[in-house]
1. Checking the condition modelled with pLDDT of 95 or more, more than 30 Å from G216 (Cα to Cα), open to solvent by less than 20 Å² (accessible area, probe 1.4 Å) and among the aromatic types (F, W, Y), which residue from F320, F287 passes?
2. If D306 satisfies all but one of (1) part of a loop (DSSP other than H, G, I, E, B); (2) within 25 Å of Y172 (Cα to Cα); (3) in contact with a helix residue (DSSP H, G or I) (Cβ under 6 Å, 6 or more places away or on another chain), what's the number of the condition it fails?
3. So in region 296-310, with the set limited to residues that are open to solvent by 40 Å² or more (accessible area, probe 1.4 Å) and closer than 16 Å to G322 by Cα, which one is farthest from the chain's Cα centre (by Cα)?
4. What are the residues in region 4-62 that are part of a loop (DSSP other than H, G, I, E, B), surrounded by fewer than 19 Cβ atoms within 10 Å (Cβ to Cβ) and among the small types (G, A, S), if any?
5. S23 - would you say it is in contact with an Asp or Glu (Cβ under 7 Å, 6 or more places away or on another chain) and within 19 Å of A397 (Cβ to Cβ)?
6. Checking F153 against (1) without any contact (Cβ under 8 Å) to a residue 60 or more places away in the chain; (2) aromatic (F, W, Y); (3) within 23 Å of I434 (Cβ to Cβ), which single condition isn't satisfied?
7. Name every residue in region 376-385 that is open to solvent by 20 Å² or more (accessible area, probe 1.4 Å) and part of a strand (DSSP E or B), in order of residue number.
8. Could you please let me know if I114 is hydrophobic (A, V, I, L, M, F, W, C) and part of a loop (DSSP other than H, G, I, E, B)?
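The values are calculated or read from the model by the stated rules, or taken from the named source; none is laboratory data. What you see is a predicted model; the values in this text were computed from it and never measured. Every residue, glycine as well, gets a Cβ built from its backbone with ideal geometry; the counts of neighbours run over all protein chains shown. Side chains are part of the model used for accessible areas, which takes the heavy atoms of the whole protein and leaves out ligands, DNA and RNA. Shrake-Rupley method; radii C 1.70, N 1.55, O 1.52, S 1.80 Å.
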Amino acid sequence: MHTILILGGGKSAIFLIDFLAKSCQTKPRKLILADINLVSAQENLKNQLNTEARQLDIEDVAARQSLIKEADVVISMLPAFMHPIVAKDCLEFGKHFFSASYESEEMRGMRSEIEAKGLFFLNECGLDPGIDHMSAMQIINLAKSKGEEIISFKSYCGGLLAPESEDNPWKYKFTWNPRNVVLAGQGTSRYIENGDLKFVPYHQLFNRLETIQFPGLGDFDGYPNRDSLSYRKVYGLENISTMLRGTLRRDGYCKAWNVFVQLGMCDDSFQMKLSESTTLRQLLNSFLPYDPALSVEEKLGNLIADFDFPTWEKIQWLGFFGNDLLPKTTGSPASILQAILEKNWKLYPEDKDMIVMQHLFEIKTPEGIKEIRSSLVCYGEDATYTAMAKTVGLPLAIAVDLFLDGKINLKGLHVPVLPEIYTPILEELRNYGIIFREEMRIV
């Protein structure tokens, strides 16, 4: 009997929970779901056999460690900063560890001890990171096996709305952590293009866009992620001349979002305390130059280059040209903006989300340069069973299932870039409609 412990039962965990709870009905397993909200955890488990909900405050060290001692495998669906804390507990008590989040420096510092104890720690096994690694490595390794040279690789991913739910000018609602959306791209993005290193500071990020097309879905804005350069080593492409990983938004979103960036309304570095009677219009005006002769709209139009009607419409739709009161008046500009957006970009029960991912390869072959466009489009079922939850949770669940079945025989610290990990996961994902469509042409 294997005991699986899932820490955290938030929005992105529903497919993970369902998959592993179902496996407990046919395999010698027990599933414990621990969450601060016991009722929510119980509802997610649906009273299935060999499953149990526990209430847990993750900061209660004794309670957390007691739970981890009960498990054979621990899956952390907690906020990213908690993963190293849980991982250290797993290391101390000899438990295997899984997460969908980025492998941190703290985690890498445990590498030798993980190996010495014969444990298996797997990170970056969700959507992005996760499915992106696995699907890209499948193409990369196939090309290498044929003796072909990969000269360019760009990969984009976005969590968006299904077309039938795009009912606002932004064509966007929150399908994952709102704070991460508001703070997205802060810092400096780094990538390489045709051998030239490129560094994009935050204030330029939403000006440096590439148009990405999906058959039947139209155009999307693609902007570079913070760090593409380190993935040259991860993917075994140290000498590649073009390497870029980026994020997708609907066409026109980035131009409008750039208004907030340029004004400083995404700043999270200082706190504001505003009057309870402050309106959205007054908040916007507080970030504009003083000129009593001009309206807010005129000042914004003068300050922002190319302030066209679609951009104006998006800002106006959020209420910034009206006199509604702020939903929050204390906090950083970013947190106040987030509160405004949470009200407007709320996902309703009938809404459906969409995951879009695309890999763009240029590969040198004896016949010429081969271009490959590999695209994934995945739709959610509703506001609970989202495409985001499916693509984050299922790869992780399948990895745990394979590991407990003895079909992944690895030890140490890993991300899913080895065929032993990604081949069976990608095969199983096909059964859930997570399938890449490839288009190829020789230039």
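1. Answer to the selection: F320.
2. (3)
3. Applying the filter and picking the extreme gives E298.
4. Within region 4-62, G10 is the sole residue that qualifies.
5. yes
6. If we test F153 against (1) without any contact (Cβ under 8 Å) to a residue 60 or more places away in the chain; (2) aromatic (F, W, Y); (3) within 23 Å of I434 (Cβ to Cβ), just (1) comes out false.
7. Result: V377, Y379.
8. Spelling it out, it is not the case that I114 is hydrophobic (A, V, I, L, M, F, W, C) and part of a loop (DSSP other than H, G, I, E, B).
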